[in-house]
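J.: Structure incoming, see below.
The values are calculated or read from the model by the stated rules, or taken from the named source; none is laboratory data. Please read these numbers as outputs of a predicted model, since none were measured by experiment. In this analysis, Cβ positions are derived from the backbone assuming ideal geometry, glycine residues included, and neighbour counts consider all displayed protein chains. Just so you know, the surface numbers come from the protein's heavy atoms only, side chains and all, with ligands and any DNA or RNA stripped out. Shrake-Rupley method; radii C 1.70, N 1.55, O 1.52, S 1.80 Å.
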Amino acid sequence: MPQFGKEFRKQHFFQLPDHVVPVNNGSYGLPPKEIIDRFHAAFDEDVAFPDGFLRVRQPVHYKEAVRRVAPILHTAPENLALLENATTGLNAVFHSLNLRKGDIVALPVTTYGACQKIVQFYHDYRGVELQLVEVAYPVSDAELVAKFRKVFETHKVKVALFDTVVSMPGVKVPWEQLVALCKNFGVISVVDAAHGIGLVPLDLDKAKPDFLCTNLHKWFYVPRGCALLYVDPQYHRTIQSLPVAESYVAPDAELPGDDENNILYRKFLWTGSRNFAPLMCVSAAIKFREETCGGDEAILNYCYKLAREAGEVVKSKWPGAQIVENEEGTLSNAMLSFFVPIEEYSNTFDATDRDALARLVTFNSDWQLAHKHTFIPIAGHAGKIVARVSANVFNELDDYRYACDALDGALKAFFQ
């Protein structure tokens with residue numbers, strides 16, 4: 001088993017300057033140097049001979065990438081499409097569902113901001129109704145499922161949008177149970193798995209969501225932006241790419257057998273000119289995970305354990321901090337979230353004041369990045385300030401001691 005931590009960082013993530021302390025992998029991901037080199041080589045191949053690359057090599061590598069990653073998601077390659085990121089994928093899903101005035105979309109208040117805006121767009125332009133599921137973490141899995149059930153029982157919900165892992169706070173969601181609940185109520189399930197592959201197991205043929213989109217660049221070591229959209233076979237005809245492009249296939253178009261079986265490939269292979277180098281790094285990322293890191297289990301064991309240990313660092317720094325975890329311990333993953341005891345810095349700050357919260361969030365990021373070259377993101381949740389750190393194979397416990405000091409410095413500077 002490899003020795004993860006600082007030495008591993010020096011060997012495989014040496015593009016990081018020594019003064020940078022990366023504890024926010026959850027936002028953007030970070031590929032190792034050997035995959036960055038593959039990315040640059042792929043881009044060089046493109047610009048050396050665009051016609052040959054885009055017409056011949058890119059389709060081959062697209063198919064290869066999907067074929068290689070499909071077993072990790074436990075589904076057939078025919079159910080997957082490659083695109084830029086989870087937000088793009090979810091836009092394509094909602095664009096294809098032909099939502100109309102009065103249709104109800106249920107989503108938790110913890111939904112990622114961009115995804116909330118997708119539903120808000122269809123409210124503003126189509127008259128779609130939003131039904132928010134109120135949740136204040138930490139809650140048990142059973143309590144969260146019960147909240148969705150109550151909404152389904154009291155409203156005629158057409159679509160439900162929920163996460164595999166929430167962005168802020170960074171907690172796991174019982175998404176498989178929510179998919180099953182959707183099936184029982186005839187609700188279309190749309191799963192935002194931006195934090196998915198590489199962070200939590202995804203068995204798609206077992207869970208059978210209607211739609212799920214997961215980023216390959218957050219936790220799977222593929223360069224930005226690269227994501228996979230899973231589409232249940234019953235929706236292969238329904239789904240369309242966004243932007244709609246030359247690859248459009250009408251829902252009732254007559255197709256030969258092979259095209260019917262590979263309809264997602266046909267729809268998503270080419271949706272316009274872009275940088276296709278990330279998708280050519282998928283096989284390299286799988287090789288890195290398996291051969292260099294020792295496999296998914298080794299990666300997750302190290303990262304989950306380190307995140308738990310980071311919680312002890314947090315409690316040492318702020319004895320009044322609350323780790324966001326339930327009694328069952330089902331929320332934990334490679335991201336550790338905690339409520340900051342903001343009263344230690346100000347007796348008057350109101351975390352429900354949106355303007356004040358926005359000023360604090362912006363100041364925190366600007367100050368940490370400028371003065372400490374690290375970043376612990378914060379946000380408002382349940383009337384409190386929640387913070388999140390991420391654990392990866394290049395991290396060690398000292399990173400969190402340094403980052404907690406940086407967050408402390410930012411808060412002191414803001415409230416001085």
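J.: So which of Ala307, Ala321 ends up being more than 30 Å from Ser247 (Cβ to Cβ), open to solvent by less than 10 Å² (accessible area, probe 1.4 Å) and touching a Ser or Thr at 6+ places or on another chain (Cβ under 8 Å)?
T.: Result: Ala307 is the single residue among Ala307, Ala321 that is more than 30 Å from Ser247 (Cβ to Cβ), open to solvent by less than 10 Å² (accessible area, probe 1.4 Å) and touching a Ser or Thr at 6+ places or on another chain (Cβ under 8 Å).
J.: Taking only pairs six or more apart or across chains, which ones have beta-carbon atoms under 8 Å, a first residue in the range 198-219 that is in contact (Cβ under 8 Å) with a residue 12 or more places away in the chain, and a second residue that is of a type in the set (Lys, Arg) and surrounded by 24 or more Cβ atoms within 10 Å (Cβ to Cβ)?
T.: Correct list of pairs: Gly198/Lys218; Leu199/Lys218.
J.: Please indicate, with yes or no, whether at least one residue in the range 13-20 is more than 18 Å from Phe268 (Cβ to Cβ) and touching an Asp or Glu at 6+ places or on another chain (Cβ under 6 Å).
T.: no
J.: Given the structure, is Leu107 under 23 Å from Tyr235 (Cβ atoms) and assigned to a loop (DSSP other than H, G, I, E, B)?
T.: In short, no.
J.: Identify all residues within the range 293-304 that are within 18 Å of Glu396 (Cα to Cα), part of a helix (DSSP H, G or I) and in contact (Cβ under 8 Å) with a residue 12 or more places away in the chain; write none if there are none.
T.: Those that are within 18 Å of Glu396 (Cα to Cα), part of a helix (DSSP H, G or I) and in contact (Cβ under 8 Å) with a residue 12 or more places away in the chain: Ala298, Ile299, Leu300, Tyr302, Cys303, Tyr304.
J.: Taking the range 95-139 only, how many residues are within 21 Å of the chain's Cα centre (by Cα) and among the hydroxyl-bearing types (Ser, Thr, Tyr)?
T.: Selection size over the range 95-139: 4.
J.: Can you tell me which residue is farthest from the chain's Cα centre (by Cα) among those in the range 159-192 that are among the polar types (S, T, N, Q) and crowded, with 22+ Cβ neighbours inside 10 Å?
T.: Here the answer is Ser189.
J.: For the structure I just gave you, tell me whether Glu327 is among the charged types (D, E, K, R), over 23 Å from the mean Cα position of the chain (by Cα) and either within 28 Å of Phe43 (Cα to Cα) or assigned to a helix (DSSP H, G or I) (or both).
T.: No.
J.: Just checking, which of Phe288, Phe276 is over 30 Å from Ala391 (Cβ atoms) and open to solvent by less than 10 Å² (accessible area, probe 1.4 Å)?
T.: Only one candidate passes the filter, namely Phe276.
J.: Here's another thing I want to ask about it. Which residues, counting only those in the range 110-148, are out of contact with any strand residue (DSSP E or B) (no Cβ under 8 Å at 6 or more places or on another chain), of a type in the set (Ser, Thr, Tyr) and assigned to a helix (DSSP H, G or I)?
T.: Passing the criteria: only Tyr125.
J.: Can you tell me which residue within the range 37-71, out of those that are buried (at least 17 other Cβ atoms within 10 Å of the Cβ) and of a type in the set (Val, Ile, Thr), is farthest from the chain's Cα centre (by Cα)?
T.: Val66
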